[in-house]
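Contents: one structure, followed by commentary.
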Amino acid sequence: MVGVNFPSGLPLGWKVNGMEVVATRARVNEAIAAETLALFRSWYLSGLWPKLATFDGGYTWRSKRGADDLSMHAYGGALDFNASTNQLGSEGDMDRGLVEVAQRRGWTWGGEWKRPDPMHFQWGRGY
Ligand SMILES: [Zn+2]
């Protein structure tokens, strides 16, 4: 697993020792590090970065929410954002621009699953 820097810091969606923490990078599988950086750049250059309110986990950065969720996070191939307003099973309020840019690059957005997980982006399709 490697760290991929955010274009600018994102508050973590959970507190650490009772304190708010700003994350500067996500941990992902080395195999998708370059693509993850490219995704962040695309979001940033499209002016969409401010639509991300919180970072809620890449590689095993939080406990499991659902079975399909766990697997891709455990492989370092998934990222969660804005969890407080995009809970598993909800429609959520994920910005559609963020979704479009990610999908154009080949990412899968969990918000379109039968059991929606709108905070969730993962690399690749067909899972
Ligand atoms: Zn997830």
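Relative to 2.2 N^0.38 Å, what does the C-alpha radius of gyration of the chain come to as a ratio? Two decimals please.
Dividing the Cα radius of gyration by 2.2 N^0.38 Å gives 0.95.
When the chain is treated as a GNM with alpha-carbon contacts under 10 Å, the residue of 18, 106, 77 showing the greatest mean-square fluctuation is 18. Amide H contacts of residue 25 (H built 1.01 Å from N, in plane; Pro and chain starts excluded): 6 sit under 5 Å, all sequence-distant by 5 or more or on other chains. Subtracting the Cα-Cα distance of residue 114 and residue 1 from 0.36 nm times their residue separation leaves 37.7 nm of extension gain. Estimated from helices alone, the mean residue ellipticity of the chain at 222 nm is -7000 deg cm²/dmol (sum of -39500 (n - 2.57) over DSSP H runs with n ≥ 4, per residue). Rolling a 1.4 Å probe over the heavy atoms of the protein chains gives the chain an accessible area of 53 Å² per residue.
Ignoring ligands, DNA and RNA, what percent of the 1.4 Å accessible area of the chain is carbon and sulfur?
Of the solvent-accessible surface of the chain, carbon and sulfur hold 50 percent.
The overall shape of region 10-52 is oblate: from the C-alpha gyration tensor, with semi-axes ordered a ≥ b ≥ c, the ratio a/c is 1.5 or greater and a/b is no larger than b/c.
The values are calculated or read from the model by the stated rules, or taken from the named source; none is laboratory data. Quantities reported herein were computed from a predicted structural model and do not represent experimental measurements. For the accessible areas, the whole protein counts, side chains as well, though only heavy atoms, and no ligand, DNA or RNA atoms are used. Shrake-Rupley method; radii C 1.70, N 1.55, O 1.52, S 1.80 Å.
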